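Everything below concerns the one structure shown next.
The values are calculated or read from the model by the stated rules, or taken from the named source; none is laboratory data. Model, not experiment: these values are computed from the prediction. Cβ atoms come from the backbone with ideal geometry, glycine included; neighbour counts cover every protein chain shown.
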């Protein structure tokens, strides 16, 4: 009886797993696990790629001030999935009117099922690149030609600050106005001392010329509350005088006057590197440091409200007719507007002669004497000079804020 039952049990194949089926079942489990590892790998690769793409786009922005690798890493550190240690390589190619960022990132992802077949990790890698460029570039190059620039030496060398600045500004022109970029780039040169010689803009902004010594205009304090230049024929001519001792009497490169002479005027909207460099290399020192006045012209020449001024300059033959539509709107697609200020010193108070000595020939001769200690009796000496100086600093800072917001 037992023998019969045993035979029946051995012959019964119902519910049995053959060795082949067991092997196949294990294979199915491993294959499914591998698929899950591969799905995880693809998800992490997509997550890494997304973070890297967003990082290089942010780093390539022409307005980005954070170093490119730090920007990219910040996006990678905030990706949604794995927080594994990353190997990141970021390279950048930057010029005035474009920025290109290339980046590669990778890390090792630990596997769950693939380790059963000896593959404990998979490399997750991503590569990305971004480029932002500006078709048109408008630049205001604002240069300090105050007395200290002519007098002071730089870095213990025999070179004056003025000499160093002239070389740097000329190099900037060479870098900016290349044969490829010049057709779509303009530079407005704005030298400043106590005032700015308005040059070809003088007859546009000025109501009446009171003297022929130099061509500066008087800004109202309210002018510094906006980016644009004043209305045409709305500002008086500045008087001509000297407040600090004339640097030329001490052998330094300097011309007399708080207002730069007509040899150092604004040169607006030019893409002629030779003409710009010739004027830069001819700059000499003058009296005072009115950085806020230089910044006012620099920003004003980039403000689209100045287009009628450009049109008047084109009509006068001062500016190339191809620039008649400049300045373009601040947020015009593909335009980059830049202000570069090269200066060495503090922003000073704005001194002025007493009315009875304004542009008076005898007073002017007295003020041109070697020692101005006596001649200064012909000038106003405000008791609130420190307050006035603080006002000028605030005006400059306000213009910087306006430039950032435009």
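Numbers below:
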quantity: Any hit, segment 111-125, residues being exposed (fewer than 15 other Cβ atoms within 10 Å of the Cβ) and under 30 Å from residue 190 (Cα atoms); calculated: no
quantity: Odd one out for residue 100, checked against (1) assigned to a helix (DSSP H, G or I); (2) surrounded by 15 or more Cβ atoms within 10 Å (Cβ to Cβ); (3) modelled with pLDDT of 90 or more; (4) out of contact with any helix residue (DSSP H, G or I) (no Cβ under 6 Å at 6 or more places or on another chain); calculated: (1)
quantity: Residue match in segment 315-322 (condition: under 28 Å from residue 401 (Cα atoms) and touching a helix residue (DSSP H, G or I) at 6+ places or on another chain (Cβ under 7 Å)); calculated: no
quantity: Qualifying positions in segment 62-85 - touching a strand residue (DSSP E or B) at 6+ places or on another chain (Cβ under 7 Å) and modelled with pLDDT of 90 or more; calculated: 68, 69, 72, 73, 76
quantity: Residues of segment 189-224 classified as touching a helix residue (DSSP H, G or I) at 6+ places or on another chain (Cβ under 7 Å) and either closer than 21 Å to residue 402 by Cα or not in a strand (DSSP E or B) (or both), total; calculated: 13
quantity: Enumeration of residues in segment 127-162 that are part of a helix (DSSP H, G or I) and over 24 Å from the mean Cα position of the chain (by Cα); calculated: 147, 148, 150, 151
quantity: Single residue of 268, 304, 273 found to be in contact (Cβ under 8 Å) with a residue 24 or more places away in the chain, in contact with a strand residue (DSSP E or B) (Cβ under 9 Å, 6 or more places away or on another chain) and under 23 Å from residue 400 (Cβ atoms); calculated: 268
quantity: Of residues in segment 52-83 being in contact (Cβ under 8 Å) with a residue 40 or more places away in the chain and more than 13 Å from residue 128 (Cβ to Cβ), the one surrounded by the most Cβ atoms within 10 Å (Cβ to Cβ); calculated: 82
quantity: Set 193, 227, 263: member being out of contact with any strand residue (DSSP E or B) (no Cβ under 8 Å at 6 or more places or on another chain), assigned by TED's automatic domain parsing to the domain that holds residue 153, at pLDDT 90 or above and crowded, with 18+ Cβ neighbours inside 10 Å; calculated: 227
quantity: All positions within segment 86-121 that are closer than 15 Å to residue 47 by Cα and over 34 Å from the mean Cα position of the chain (by Cα); calculated: 107, 108, 109
quantity: Residues (under 12 Å from residue 52 (Cα atoms) and part of a loop (DSSP other than H, G, I, E, B)) located in segment 81-97; calculated: 86
quantity: Residue satisfying all of: in segment 283-339; part of a strand (DSSP E or B) and within 17 Å of the chain's Cα centre (by Cα); nearest to residue 251 (Cα to Cα) among these; calculated: 339
